[in-house]
Amino acid sequence: MELRAYGAIIWRRIWVVILVVGVVSLYAAYQYYHLYKTPGALKTYHSEVTLAIGIQNFGSQDNHSFNDYVSASETLADALTTDPILTSNRFDRAVGQQISSDMGSIVQRYGPNPDLGNVQDPAALAGAITSTRIHNQVTVSVTWTTPAGAWAIAKAIGEVTTAHISSYLNYGLMNTSAYVSGPSSKSVLQPVVSATVVSDASPSTVIPGASANRPALLLVLVLVAFIIGIALAFLIDYLDDRIRSTEDVEQLLQVPVYGQVPRVPSLRSNGTTRRSPAA
Amino acid sequence: MSIPSQEQVTLLTDYDAGSPYNIAYQTLYANIRFNWDSERIKQQTLLITTPVATPRQSEVVANVAIVAAQSGTPTIVIDANFRAPSLQQRFSQGESKGLSDLLTGNVPQPQAIGSYLCATFVPGLRLLYTGKAPIQTPNPLLSENLRDVIAGLRQFLAETETKPSLVIFNSPPVLAGLEASAISSLVEQTFLTIIRGRTTRTHAKQAQEQLQRAHAKLAGVILLDL
């Protein structure tokens with residue numbers, strides 16, 4: 001009986017629930033539409049390439065141990081991941097140019113007119129690249145709004161790095177062996193840093209976008225609006241002083257209801273039932 | 001009276017006898033009839049009023065009276081709603097003498113009261129309209145003179161009718177003035193018309209308290225859908 005009464009209240013004030021849920025649903029739909037239209041908001045694509053950083057040996061002048069090489073390689077790999085090299089404007093412009101050169105392989109993999117996104121924007125590329133290091137191996141991860149773009153960028157990073165690593169890591173290496181002839185004769189060796197691709201750019205995989213949890217939040221928002229609408233319906237009904245039922249009357253006045261008269265029905269248009277004189 | 005009403009009273013006779021609207025009034029009258037000990041009270045007097053002005057007040061009075069008359073009960077409807085008289089217009093009787101003439105003058109003999117009553121197109125139903133004499137509301141003499149009018153009507157019915165008969169008052173709203181309270185103190189039963197979804201609890205309770213102060217016998221409620 002109570003449940004039926006609650007149901008009657010909700011039904012009577014259903015317009016409140018519809019209004020609240022409707023307004024919030026419109027807002028949620030608008031927000032979702034924006035997310036849907038924003039590239040990378042709901043889903044994004046990931047590709048990565050792994051590089052090994054090393055040092056060429058110095059030939060006859062070399063008096064370094066293996067450990068020196070390993071240590072120097074790790075230091076250079078660390079510089080590649082921590083210094084702003086991969087996210088530098090110069091590097092990212094080089095990646096963009098490399099992608100233009102790679103169009104043949106990109107078309108071969110993703111078909112004609114692949115959607116690469118704005119790969120010629122160095123700032124966008126800088127925001128899409130992250131890197132990690134294990135010993136002398138650097139894994140560069142690319143998160144991009146299109147699968148072709150993610151793969152193309154990772155591939156281009158591998159190519160640019162292997163071809164031009166020495167220009168980005170152009171640290172001077174001091175030939176400490178020259179100390180035998182005194183500090184004044186110490187010479188600086190030309191950069192001998194090398195990079196090789198350990199694993200090629202991986203196929204693009206879908207990962208959740210930056211706003212992937214927003215649709216769920218919007219759904220929760222609509223559910224909360226529904227609950228608020230129900231609560232408002234009860235509140236409005238509670239504040240409404242009007243008599244609604246025979247139970248209301250009998251409880252209020254403690255007298256019986258002798259009869260209930262329905263609303264006045266409309267007269268038939270042909271007037272066949274009209275028996276009283278016209279007013 | 002000179003106050004015309006724009007209200008259009010819906011009469012039961014406009015509808016089929018088997019319509020839900022008609023049946024609702026038949027049920028209402030049956031319940032009123034069950035509560036009427038006609039062996040003890042041959043001339044029953046009722047007041048049907050409302051807490052605040054509603055467009056359907058006169059409709060309820062007219063239709064209960066029509067059902068009563070159609071059921072074979074000689075019925076007189078007294079339109080005591082001087083603020084918004086409406087029954088005269090609906091029963092298309094034109095201006096005639098009525099309650100105000102009885103209240104402002106000397107109450108005539110019971111036989112002469114019959115000349116104030118107007119027959120209607122419903123057999124067994126007569127009306128005492130608001131009348132032509134101007135009346136100030138609230139009239140301090142209303143209650144006293146009205147007592148004599150009611151007594152005269154009872155006497156008239158007792159002399160002219162063999163069956164138990166019914167007198168139904170139509171009054172202004174309880175909270176609009178003293179008329180309803182004054183009449184309620186003189187009739188056997190009072191019914192409060194409440195419109196579902198429109199009449200507030202506050203008004204209904206205030207009307208009941210007002211009627212109680214007048215020592216009215218509030219028999220029950222008539223609930224209307226709007």
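The values are calculated or read from the model by the stated rules, or taken from the named source; none is laboratory data. Keep in mind that what you see is a predicted model, and the values were worked out from it rather than measured. Reconstructed Cβ throughout: ideal geometry from the backbone, glycine too, with neighbour counts over all protein chains shown.
Matching residues to (1) facing chain A (nearest Cβ under 7 Å); (2) in contact with a strand residue (DSSP E or B) (Cβ under 6 Å, 6 or more places away or on another chain); (3) among the basic types (Lys, Arg):
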| residue | (1), (2), (3) |
| --- | --- |
| B:Glu179 | no, no, no |
| B:Glu188 | no, yes, no |
| B:Thr193 | no, yes, no |
| B:Thr200 | yes, yes, no |
| B:Lys217 | no, yes, yes |
| B:Ile222 | yes, yes, no |
| B:Leu226 | yes, yes, no |
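Any chance you could count how many residues in the range B:88-119 are at pLDDT 80 or above and not in a loop (DSSP other than H, G, I, E, B)?
Of the residues in that region, 12 qualify.
Does the range B:41-63 include one or more residues that are touching a Phe, Trp or Tyr at 6+ places or on another chain (Cβ under 7 Å), more than 26 Å from B:Glu161 (Cα to Cα) and at the interface with another protein chain (Cβ under 9 Å from one of its Cβ atoms)?
no
Residues in the range B:159-199 that are of a type outside the set (S, T, N, Q), touching a helix residue (DSSP H, G or I) at 6+ places or on another chain (Cβ under 8 Å) and within 12 Å of B:Gln43 (Cα to Cα): how many?
Residues flagged as of a type outside the set (S, T, N, Q), touching a helix residue (DSSP H, G or I) at 6+ places or on another chain (Cβ under 8 Å) and within 12 Å of B:Gln43 (Cα to Cα) within the range B:159-199 amount to 5.
Please enumerate the residues belonging to the range A:37-63 that are modelled with pLDDT of 90 or more and among the hydroxyl-bearing types (Ser, Thr, Tyr).
A:Thr44, A:Tyr45, A:Ser47, A:Thr50
Any residue in the range A:30-47 that is of a type in the set (Ser, Thr, Tyr) sitting within a Cβ distance under 6 Å of a residue that is in a strand (DSSP E or B) and buried (at least 16 other Cβ atoms within 10 Å of the Cβ)? List the pairs, counting only those 6 or more apart or interchain.
Sorted first by the residue in the range A:30-47, then by its partner, the pairs are A:Thr44/A:Thr143; A:Tyr45/A:Trp144; A:Ser47/A:Val142.
Out of B:Asp14, B:Asp37, report the one residue that is among the acidic types (Asp, Glu), more than 9 Å from chain A (Cβ to nearest Cβ) and at negative phi. Step through it out loud before you land on a result.
Working: B:Asp14 fails: more than 9 Å from chain A (Cβ to nearest Cβ).
From the options B:Asp14, B:Asp37, the qualifying one is B:Asp37.
Hey, which of the strands (runs of 3 or more DSSP E) in the range A:170-275, taking only ones fully inside, have at least 3 residues that are at pLDDT 90 or above and within 14 Å of chain B (Cβ to nearest Cβ)?
The strands (runs of 3 or more DSSP E) meeting that bar are A:257-261.
Tally time: how many residues in the range B:202-215 are surrounded by 15 or more Cβ atoms within 10 Å (Cβ to Cβ) and more than 7 Å from chain A (Cβ to nearest Cβ)?
Going through the range B:202-215 one residue at a time, the tally reaches 6.
Sort out for me the helices (runs of 4 or more DSSP H) sitting completely within the range A:1-93 that have 2 or more residues that are within 26 Å of A:Pro122 (Cα to Cα).
Filter on the range A:1-93 gives A:14-37, A:66-82.
Only one of (1) among the aromatic types (Phe, Trp, Tyr); (2) farther than 19 Å from A:Val198 by Cβ; (3) without any contact (Cβ under 8 Å) to a residue 60 or more places away in the chain is not met by A:Trp144, so which one is it?
Among (1) among the aromatic types (Phe, Trp, Tyr); (2) farther than 19 Å from A:Val198 by Cβ; (3) without any contact (Cβ under 8 Å) to a residue 60 or more places away in the chain, A:Trp144 violates only (3).
Would you confirm, using the coordinates I've provided, whether B:Gln8 is modelled with pLDDT under 80, within 9 Å of another protein chain (Cβ to nearest Cβ) and over 13 Å from the mean Cα position of the chain (by Cα)?
In short, yes.
Within the range B:26-55, take every residue that is assigned to a loop (DSSP other than H, G, I, E, B) and among the basic types (Lys, Arg) and give me the one that is surrounded by the most Cβ atoms within 10 Å (Cβ to Cβ).
Restricting to residues being assigned to a loop (DSSP other than H, G, I, E, B) and among the basic types (Lys, Arg), the top hit is B:Lys42.
Run B:Ser171 past the list (1) closer than 17 Å to B:Thr73 by Cβ; (2) touching a Ser or Thr at 6+ places or on another chain (Cβ under 6 Å); (3) more than 14 Å from every other protein chain (Cβ to nearest Cβ) and report the number of the one that doesn't hold.
(1)
Hey, B:Arg83 hits all of (1) away from every other protein chain (no Cβ under 14 Å); (2) in contact (Cβ under 8 Å) with a residue 40 or more places away in the chain; (3) crowded, with 21+ Cβ neighbours inside 10 Å but one; which does it fall short on?
Evaluating B:Arg83 over (1) away from every other protein chain (no Cβ under 14 Å); (2) in contact (Cβ under 8 Å) with a residue 40 or more places away in the chain; (3) crowded, with 21+ Cβ neighbours inside 10 Å leaves (3) as the failure.
Hey, could you check the range A:1-57 for residues that are touching a Gly at 6+ places or on another chain (Cβ under 6 Å) and among the small types (Gly, Ala, Ser) and say which is farthest from A:Leu239 (Cα to Cα)?
Looking at residues that are touching a Gly at 6+ places or on another chain (Cβ under 6 Å) and among the small types (Gly, Ala, Ser), I get A:Gly40.
Hey, does the range B:119-129 have a residue that's free of Cβ contacts under 8 Å to residues at least 40 places away in the same chain and more than 10 Å from chain A (Cβ to nearest Cβ)?
yes
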